[in-house]
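What follows is one structure encoded as structure tokens, with my remarks underneath.
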Amino acid sequence: MKIETLFIDKAVGRNDETEYLISRLKIDPQWVEDSKPVYNFINDTNDPISKAKRTLYITLNKGTIIKACPGTSCYTCCDYTILQSGTFCTMDCSYCILQAYFHPPVLQYFAGLKSLGHDLDKTFCQNKIFRIGTGEYTDSLIWEKVSLLPKFLVETFARQNNCVLELKTKTVNIESLLPLDHNGKTILAWSLNTPDIINSEERGTASLGARLKAAKQAESKGYKLAFHFDPIVIYPGCEIHYKQVIQQIFEMIHPQNIVWISIGTFRFMPKLKQIIEKRFQHSTICYGEFILGLDNKMRYFKPLRINIYKEIISCIKEYAPKVLVYFCMEDEEVWKKCMGFFPEKEGELGHMLNKSAAAHCNLNPSLL
Ligand code: SF4
């Protein structure tokens, strides 16, 4: 984290959590009544997105902390649950949707481990399996170096049997998590891409080799793992490169420790294109054969998606025939042509994922 300016909402107050954050960040905070000074500070430049990545605002989450993922209309979704621990990110991927999602983007950390603990307790009492992730509006592990949150989550999830926590990252920030008694309830997940895409489009992230090395270390401490190929970017030679990444995974990781692998091709809100053109002038990521999808996002022309998916899926299945591979946001035709089936019934994809989570993470099977 390269934070230069720190604002803290006065409503958060001084406590162990904020003192820890301040001591790790080594910055004198500016205490504020509300978010206005933060927005003004970030907007006072011609590149608020870059400035926001260096400006942290510690505040309270005034909305619902644990909520169902909204998914995307018209594409099969996986019934995920989001734990909103913060927003935005210190890394800088050209394709990051968060650049266009927040106005202005603000790097927020939501303090309040105590109330988060109460909300989690309510979820842990339900007769239902939940897959809960913190990586929808931020990277789950950018916070590991500066906050107590990742450790708190791993230890809290270890004490129950109906929820699995997925921490999704492009970092290698797992050091404080390795010695924890996680009781199998945390999945450490890495978003992966080809070295070409990591080098050209994922500024400030860990290299592919470093991510896989971290995954191997986590595996050696009994953590279950997941991998996400999202976004898959189509470029000349990409099929071979994605297959090389898959080969590297299985040279280092045992298939039985992988709970799931998701795949999804690059898609973007049309307004993201302008941002990419302005902030990543070298990037050619937006100049493929795209069409407007049913969710108003640009997607690769369907035959191109089907082609790359088939290559990737057959390669994964060669190394790990039993690993659960699923699409993030795809339609019936793509599922049938690439996977040979379509999880048609409402909740079917979620059920498949719950079954895999239950089997790998010792969740209560009677809740399936
Ligand atoms: S790591 Fe994820 S959240 Fe961070 S900039 Fe990249 S895409 Fe966005």
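The values are calculated or read from the model by the stated rules, or taken from the named source; none is laboratory data. Just so it is clear, the structure is predicted and the values come from calculations on it, not from any experiment. Cβ placement follows ideal geometry from the backbone for every residue including glycine, while neighbour counts extend to all protein chains displayed. Remember, those area values only see protein heavy atoms, side chains included, never the ligands or the DNA or RNA. Shrake-Rupley method; radii C 1.70, N 1.55, O 1.52, S 1.80 Å.
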- Just one of (1) within 16 Å of the ligand (Cβ to nearest atom); (2) surrounded by fewer than 22 Cβ atoms within 10 Å (Cβ to Cβ); (3) within 19 Å of THR18 (Cβ to Cβ); (4) of a type in the set (A, V, I, L, M, F, W, C) trips up ILE97, so point out which. (3)
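Residue by residue, here is whether (1) under 27 Å from LEU98 (Cα atoms); (2) surrounded by 16 or more Cβ atoms within 10 Å (Cβ to Cβ); (3) within 16 Å of the ligand (Cβ to nearest atom) holds:
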{"site": "LEU167", "(1), (2), (3)": "yes, yes, yes"}
{"site": "LYS213", "(1), (2), (3)": "no, no, no"}
{"site": "ILE234", "(1), (2), (3)": "yes, yes, no"}
{"site": "GLN244", "(1), (2), (3)": "no, no, no"}
- Message: Out of the helices (runs of 4 or more DSSP H) lying entirely within segment 124-221, which hold 2 or more residues that are under 28 Å from SER366 (Cβ atoms) and of a type outside the set (Phe, Trp, Tyr)?
- Response: 149-157
- Taking segment 100-141 and keeping residues open to solvent by 10 Å² or more (accessible area, probe 1.4 Å), within 10 Å of the ligand (Cβ to nearest atom) and farther than 17 Å from SER35 by Cβ leaves GLY135, GLU136, ASP139
- Select the strands (runs of 3 or more DSSP E) contained entirely in segment 10-91, then report the ones holding at least 3 residues which are open to solvent by less than 20 Å² (accessible area, probe 1.4 Å) and away from the ligand (no atom under 16 Å from the Cβ). 55-60
- Task: Any residue in segment 100-116 that's of a type in the set (S, T, N, Q): show its pairings with residues that are surrounded by 18 or more Cβ atoms within 10 Å (Cβ to Cβ) at Cβ separation under 6 Å, as long as the two are six or more apart or on different chains.
- Result: GLN108/TYR57; GLN108/THR59; GLN108/GLY86; GLN108/THR87
- Query: Among the listed residues ARG203, ARG267, which satisfies the condition of being within 16 Å of the ligand (Cβ to nearest atom) and surrounded by fewer than 22 Cβ atoms within 10 Å (Cβ to Cβ)?
  - Reply: ARG203
- Quick one: ILE306 ticks every box in (1) open to solvent by 10 Å² or more (accessible area, probe 1.4 Å); (2) under 22 Å from GLN256 (Cα atoms); (3) of a type in the set (Val, Ile, Thr) bar one, so which box is it? (2)
- Query: Looking at (1) more than 16 Å from the ligand (Cβ to nearest atom); (2) open to solvent by 10 Å² or more (accessible area, probe 1.4 Å); (3) closer than 23 Å to GLY135 by Cα, which is the only condition TRP260 fails?
  - Reply: (2)
